[in-house]
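Written below as structure tokens is the structure these notes are about.
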Amino acid sequence: MKESLFYASQEIKRAEHLLYVSLKYTRTGDVIHSLILRLIASYDFVIDGLVQINEEKIGELPSSPFAKVAALKKVYEDNKEMQLHLEFYLLLRKISRSKREAFNEFRRNLTVRADLDGQMIEITIDIASDYYHKSVDFLRFVKKHMDT
């Protein structure tokens, strides 16, 4: 699990650079998409680690990310915060795979619109920053609970 947390924190560092450096100077939809992909990669490492340490409770190790999340939801069904983080991870995955359009590129009010099952969501720089902070919170949450 420590190795998974290490790799996840490395992805968070890369996401932080995208948010605070790359996005500051380029302000393109591709940078927001890359940021979301880095956040997903961070979640992937942590989820893989959680699946491995709960192997006895889960049984056969799932291979797809959705199956891993479903298995972890069962293991942590009493933990509301874990449930919310796992749902957020699934949202990020949907956003990364959806059809996206960028508006107001190269400006402060850059907006990426993503079509999620017929519902349009808008991701601004501020929302992307919130996504980053939620991911950092997840990493801290898991580190705190794995130490106890």
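Values in this text are rule-based calculations from the coordinates and carry no lab data. Every value quoted in this text rests on a predicted model; they were computed, and no experiment measured them. Cβ atoms come from the backbone with ideal geometry, glycine included; neighbour counts cover every protein chain shown.
If I model a spin label at LYS144 and PHE6 as a point 7 Å from the Cα along the Cα→Cβ vector, what separation in nanometres do I get?
2.5
Along its three principal axes, how long is region 49-105 when you only count alpha carbons? Whole Å, largest extent first please.
Projected onto its principal axes, the Cα set of region 49-105 covers 49, 24, 14 Å.
How far, in nm, would the chain grow between ASN54 and GLU81 when pulled straight, counting 0.36 nm per residue and subtracting the alpha carbon separation?
Working: separation 27, 0.36 × 27 = 9.72 nm, distance 1.76 nm.
Here the segment from ASN54 to GLU81 would lengthen by 8.0 nm.
For the chain, take the longest principal axis of its alpha carbons; what is the angle in degrees between that and the long axis of helix 125-147, to the nearest 10 within 0 to 90?
20
Apply the Kirkwood formula to the chain: the hydrodynamic radius equals the inverse of the mean of 1/r over all pairs of different alpha-carbon atoms; give it in Å with one decimal. Display every interim value, and only then the final one.
Values: mean 1/r = 0.0628 Å⁻¹.
Taking every pair of different Cα atoms in the chain, averaging 1/r and inverting gives 15.9 Å.
Could you work out which residue, out of ALA128, ALA70, ALA114, moves most in a Gaussian network model of the chain, that is, has the largest mean-square fluctuation with Cα springs under 10 Å?
Looking only at ALA128, ALA70, ALA114, the biggest GNM fluctuation is shown by ALA70.
What is the sum of charges around ARG113, taking Lys and Arg as +1, Asp and Glu as -1, for the other residues whose C-beta is under 12 Å from the C-beta of ARG113?
Net charge around ARG113: -1.
If all Cα-Cα distances of region 1-84 are sorted into 5 Å bins from 0 onward, what percent lands in each bin, rounded to whole numbers?
3, 15, 20, 19, 16, 11, 9, 5, 2, 0
Separation between the THR28 and ARG97 pseudo-spin-labels, each 7 Å from Cα along Cα→Cβ, expressed in nm?
Once both label points are built, they end up 2.6 nm from each other.
For the chain, with a Gaussian network of springs between Cα atoms less than 10 Å apart, report the residue from ILE47, ILE58, ILE125 with the top mean-square fluctuation.
Highest fluctuation among the options: ILE58.
Modelling each spin label as a point 7 Å along the Cα-to-Cβ direction, I'd like the LEU90/ASP137 distance in nm, to one decimal.
1.9
Going by alpha carbons, how many degrees (0 to 90, nearest 10) lie between the helix axis of 65-75 and the longest principal axis of the chain?
50
What's the longest uninterrupted piece of the chain once you rule out the GluC sites (Glu not before Pro) that are loop residues per DSSP with at most 10 other Cβ within 10 Å? Let's see the in-between values first.
Details: sites that count: GLU60, GLU77.
With a cap of 10 other Cβ atoms within 10 Å, the longest stretch comes to 78-148.
How much space per residue, in cubic angstrom, does the convex hull of the C-alpha atoms of region 65-146 take up?
Spelled out: Cα convex hull of region 65-146, divided by residues, is 107 Å³.
Mind checking which of VAL136, ILE47, ASN109 is farthest towards the positive end of region 24-138's charge dipole, using Cβ charges of +1 (Lys, Arg) and -1 (Asp, Glu) about the Cα centre?
ASN109
Please work out how much length the chain gains when fully extended from GLU105 to ASP126, using 0.36 nm per residue of separation minus the C-alpha to C-alpha distance, in nm with one decimal. Mind dumping the intermediate values first?
Values: separation 21, 0.36 × 21 = 7.56 nm, distance 1.45 nm.
Contour length minus the Cα-Cα distance gives 6.1 nm.
Treat every Asp and Glu Cβ in the chain as -1 and every Lys and Arg Cβ as +1, leave all other atoms uncharged, and give the resulting dipole magnitude about the Cα centre to the nearest 20 debye.
420
Would you compute, from DSSP H runs of 4+ residues alone, the mean residue ellipticity of the chain at 222 nm, taking -39500 (n - 2.57) per run and dividing by the full residue count, rounded to the nearest 500?
Working: 7 runs with 101 residues, N = 148.
Taking each H run of at least 4 residues, the total per residue is -22000 deg cm²/dmol.
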